[in-house]
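I have placed the structure first, in the form of structure tokens, so that the comments after it can refer back to it.
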Amino acid sequence: MPASPSTARAINDRLALRLLQQEGPLTAGRLKQLTGLSRPTVADLVERLTAAGLVMVVGESGEQRRGPNAKVYGIVAGLAHLAALDIRTEGVSVVVADLLGEVLAEASAPIGDDTGTGPAVEQAVALVERVAKEAGAMGVPPRAGVRTWGKLHTVGIGAPGLIDPATGELRGSTGLPQWHRRLVAALQERLPGTRVIVENETNLAALAEQRDGAARDRDTFVLLWLGHGTGAAVVLDGILRRGVSGGTGEIGFLPVPGTGQLPSATDCGGGFHSLVGAAAISRLADVHDLVADGDAHEPYAAALVRAAVATPGAPAHARFLDTVADRVTIGAASVVAVLDPGCVVLGGEVGRAGGDVLAARVEARLARMSPLPTQVRASALGGGAVLRGALLTAREGAQEELFGVPVG
């Protein structure tokens, strides 16, 4: 049964929007080539999308030909504003961008351990409002006949802990500040009408690495998060896998040798976390008499690994890195044996600090331990992976509403 005219128009419009998002600004002629549609059909859809405020003329082609140059059309970047949040135990970072992902404003603020839940939530929400105002995302005047948002359209939040796949809510987790959960409700109250999406920080880092980082050429890989805590994000056939309860990748609870105990349902002590969590790395450094200059923006364990990588020729530093690699490989080998992802990306503060030096050590050990060929790569996005992933998630959510389908 052929599609009705209105359905055909909607399909064509979405196809054109997808191409404009992926390829950037295009002429009507180029849209005709890429879509295979007729010239009159393309002209009609460009007129519809322009009238709807979704696309606009952004320039002219530079082609040398008789007559006027062809108009170049692009997505209206200011149609919606997006925010990305990376909330950690010790603070929060915020980025506000337009619909095309161009960052308009950003800021970070520490939140001390002794800050109460209420004050911590207020600090975080106030930071979001301040950055949004700086980006011009508060009080945008409406355009006649065009739906616009005078505030943030969508907020993407990256947080440690489990996200309920049924409700999208952040679950309470042992060791995480109470203000993390309260922040989501506070943002929804202070920014009515704004869509708020919460995702596990490791999953967001993996999405960012797949789009723009170390896993750009992979549709199947695992990101191993090494930071204050441990975790893994699993991407199979291009799809992020969350599991029935949202717990896919809770590798900190993985029982491993060398810890002297077993983890429980409420405590990952004795699991993989006890080998490579920040506290475990710091204790290992004490054994090797390794010290480092701390940084308020990263765990001390990451500073220790970074210091060892900077002087790998020192015997004590080499032994320390070898032991860290041995420990990381235990968890990585378990993941590889079950999933055979072909690629493991080391993320998190400790993984980034180890960089290519640690990745090479882990890859060599995996080659000896597992018959399954596996590349091990360091994160390519540095400390911005979670924010980048949160922004991508916010943009996709906004585009579903604006354009009818995800086009990012």
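Output the residues belonging to the range 22-42 that are touching a Lys or Arg at 6+ places or on another chain (Cβ under 9 Å), of a type in the set (S, T, N, Q) and either open to solvent by 90 Å² or more (accessible area, probe 1.4 Å) or under 19 Å from Met56 (Cβ atoms) (or both). Matches in the range 22-42: Thr27 only.
Counting the residues of the range 355-385 that are of a type outside the set (Gly, Ala, Ser) and within 20 Å of Asp217 (Cβ to Cβ) gives 11.
For (1) more than 28 Å from the chain's Cα centre (by Cα); (2) within 26 Å of Gly91 (Cβ to Cβ); (3) in a helix (DSSP H, G or I); (4) not aliphatic (A, V, I, L, M), each residue gets a yes or a no:
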| position | (1), (2), (3), (4) |
| --- | --- |
| Ala279 | no, yes, yes, no |
| Ala302 | no, yes, yes, no |
| Gly313 | yes, no, no, yes |
| Ala316 | yes, no, yes, no |
| Asp322 | yes, no, yes, yes |
| Asp326 | no, no, yes, yes |
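Taken over the range 133-150, the residue count meeting the criterion of being open to solvent by 50 Å² or more (accessible area, probe 1.4 Å) and either closer than 28 Å to Ala279 by Cα or at pLDDT 70 or above (or both) is 2. When the criteria are applied in full, Leu100 meets the requirement of being surrounded by 15 or more Cβ atoms within 10 Å (Cβ to Cβ) and more than 30 Å from His228 (Cβ to Cβ). Got at least one residue in the range 367-374 being open to solvent by 10 Å² or more (accessible area, probe 1.4 Å) and either over 30 Å from Leu321 (Cβ atoms) or among the charged types (D, E, K, R) (or both)? So far as the range 367-374 goes, yes, one or more of its residues are open to solvent by 10 Å² or more (accessible area, probe 1.4 Å) and either over 30 Å from Leu321 (Cβ atoms) or among the charged types (D, E, K, R) (or both). Only one entry in Ala206, Ala215, Ala232 is within 14 Å of the chain's Cα centre (by Cα), within 22 Å of Thr266 (Cα to Cα), open to solvent by less than 20 Å² (accessible area, probe 1.4 Å) and among the aliphatic types (A, V, I, L, M), namely Ala232. Taking the range 308-340, which residues are open to solvent by less than 10 Å² (accessible area, probe 1.4 Å) and more than 11 Å from Val376 (Cβ to Cβ)? Listed by number, the residues that qualify are Ala308, Phe320, Leu321, Val324, Gly331. Restricting the range 258-290 to residues that are modelled with pLDDT of 90 or more and of a type in the set (Val, Ile, Thr), the residue that is farthest from Gly351 (Cα to Cα) is Val287. Against the test of being under 17 Å from Glu199 (Cα atoms) and either open to solvent by 40 Å² or more (accessible area, probe 1.4 Å) or touching a strand residue (DSSP E or B) at 6+ places or on another chain (Cβ under 8 Å) (or both), the options Gly355, Gly397, Gly384 yield a single qualifying residue, Gly397.
The values are calculated or read from the model by the stated rules, or taken from the named source; none is laboratory data. Just so we're clear, the structure is a prediction, and the values are computed from it rather than from any experiment. Heads up, the Cβs are rebuilt from the backbone with ideal geometry, glycines too, and the neighbour counts pull from every protein chain shown. Ligands, DNA and RNA are excluded from the accessible area calculation, which covers all protein heavy atoms including side chains. Shrake-Rupley method; radii C 1.70, N 1.55, O 1.52, S 1.80 Å.
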